[in-house]
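Q: Here you go, one structure.
The values are calculated or read from the model by the stated rules, or taken from the named source; none is laboratory data. What you see is a predicted model, and the numbers here were worked out from it, not measured in a lab. Using ideal geometry, Cβ is built from the backbone for each residue, glycine included, and neighbour counts are taken over all protein chains shown.
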Amino acid sequence: MIVVLCSLYNSQSWVEDLAEQFNKQTLTPDVIVVRNDSFKDTETVQLLKSLLNNIKLIDISDGKNLGAKGSFFKLLSYANKSFSLNDMYIFSDHDDIWSPEKIAIAHSSFLNSSSSKSSWVHTHNYQPFESSSGKNHQSIKEVDEAYSGRFTLSSLMLWNPFLGCTLSFNHTAIDAALKFGEDSATMHDRAILLATLLNEGIVVTEPARLLRYRQHGNNTVGLKRGFKGLIARAKSYSSGYFHQNKHQISRCKEIIDTQKVTDSLYVEVNHVFKTVNGGLKAIPSMLKLPFRKKHHSLIATFLLVVGYND
């Protein structure tokens, strides 16, 4: 069975496109589990249901506004209890545009790579575009490299190039993410990815752009560029993002300390943990960590080592 986990929020403008992208898949999903994170909107879910062609919709909305992470963790918890070990799951945002082959390509990888005994995640590249004009944004070099397979656990502990809306995964990955913990993760997608790699599972990367990632005024941060992007990220950082990331790294350390892992995995996680918790003495090591850009390591050095050193 193929199960889509979709979180909605102020989705009235995108619901027709959302239904169309599901209906036009060369391999359509069997079930869409949806949760509306907007307590004021009572119509979008019913409209989506009416627009779907022979696809079952399950609504688990509860009238609470939890934010993206909380909403997707609710969807993960429901899926973990309601479906089987042999099912494939796909995250879906409410405002992106899928390639018709998106599910089929992920499912082919699922059949070839996935085992119910180990975590499996598939992620593919995407094309950011401006909603108002339809104009494509320039892709980010480091993101393209990651989708070509050039990433490490260390780099994922520090920054995440993989959009949550590009992830497909198996039931074992859900279980691992829930054990990683909502409170320990900066976002739901980081929990899936980190838990999979910490449990020595598989992350399959697909360089093809199978999704158009819509940029608009309602994106919380997205890929905003220039001055607006700087302000958006500054707000994110000042609200405790780096402190949360440090907590997330500590959770990675707890996991490798309590389960049997390879020596190389233990050394990799331990190095990142010791560096971000090393205080002023760790600044030279911090500057060498695999952040996306050099100035990111400078910012993180200040915030993680100096500003958020508990």
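Q: Looking only at residues in the stretch 101-127 that are more than 16 Å from the chain's Cα centre (by Cα), assigned to a loop (DSSP other than H, G, I, E, B) and within 27 Å of residue 178 (Cβ to Cβ), which one is modelled with the highest pLDDT?
A: Among them, the one singled out is 117.
Residues are listed down the side, and each one gets a yes or a no for (1) of a type outside the set (Val, Ile, Thr); (2) over 17 Å from the mean Cα position of the chain (by Cα); (3) surrounded by 13 or more Cβ atoms within 10 Å (Cβ to Cβ):
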position: 15; (1), (2), (3): no, yes, yes
position: 19; (1), (2), (3): yes, yes, yes
position: 29; (1), (2), (3): yes, yes, yes
position: 66; (1), (2), (3): yes, no, yes
position: 74; (1), (2), (3): yes, no, yes
position: 78; (1), (2), (3): yes, yes, yes
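Q: Report, by residue number, each residue of the stretch 80-94 that is of a type outside the set (S, T, N, Q) and buried (at least 22 other Cβ atoms within 10 Å of the Cβ).
A: Filtering the stretch 80-94 for residues of a type outside the set (S, T, N, Q) gives 81, 83, 85, 87-91, 93-94.
Within the stretch 80-94, 88, 89, 90, 91, 93, 94 qualify.
Q: Report yes if residue 47 is more than 25 Å from residue 125 (Cα to Cα) and touching a residue at least 60 places away in the same chain (Cβ under 8 Å), otherwise no.
A: Details: more than 25 Å from residue 125 (Cα to Cα): yes; touching a residue at least 60 places away in the same chain (Cβ under 8 Å): no.
So residue 47 does not fit the description; no.
Q: Can you tell me which residues in the stretch 44-60 are in a loop (DSSP other than H, G, I, E, B) and out of contact with any Asp or Glu (no Cβ under 8 Å at 6 or more places or on another chain)?
A: Residues of the stretch 44-60 in a loop (DSSP other than H, G, I, E, B): 52-55, 60.
Hits for the stretch 44-60 are 52, 53, 54, 60.
Q: Of all residues in the stretch 32-63, count the ones that are basic (Lys, Arg) and in contact with a helix residue (DSSP H, G or I) (Cβ under 8 Å, 6 or more places away or on another chain).
A: Residues of the stretch 32-63 that are basic (Lys, Arg), as a first pass: 35, 40, 49, 56.
Retained after the next criterion (residues that are in contact with a helix residue (DSSP H, G or I) (Cβ under 8 Å, 6 or more places away or on another chain)): 35.
Number satisfying all stated conditions: 1.
Q: Only residues that are in a helix (DSSP H, G or I) and under 19 Å from residue 200 (Cβ atoms): list them for the stretch 128-176, please. I'd like the intermediate steps shown before the answer.
A: Taking the stretch 128-176 and keeping what is in a helix (DSSP H, G or I), we get 141-147, 153-158, 164-166, 171-176.
Within the stretch 128-176, 153, 154, 155, 156, 157, 171, 172, 173, 174, 175, 176 meet the criteria.
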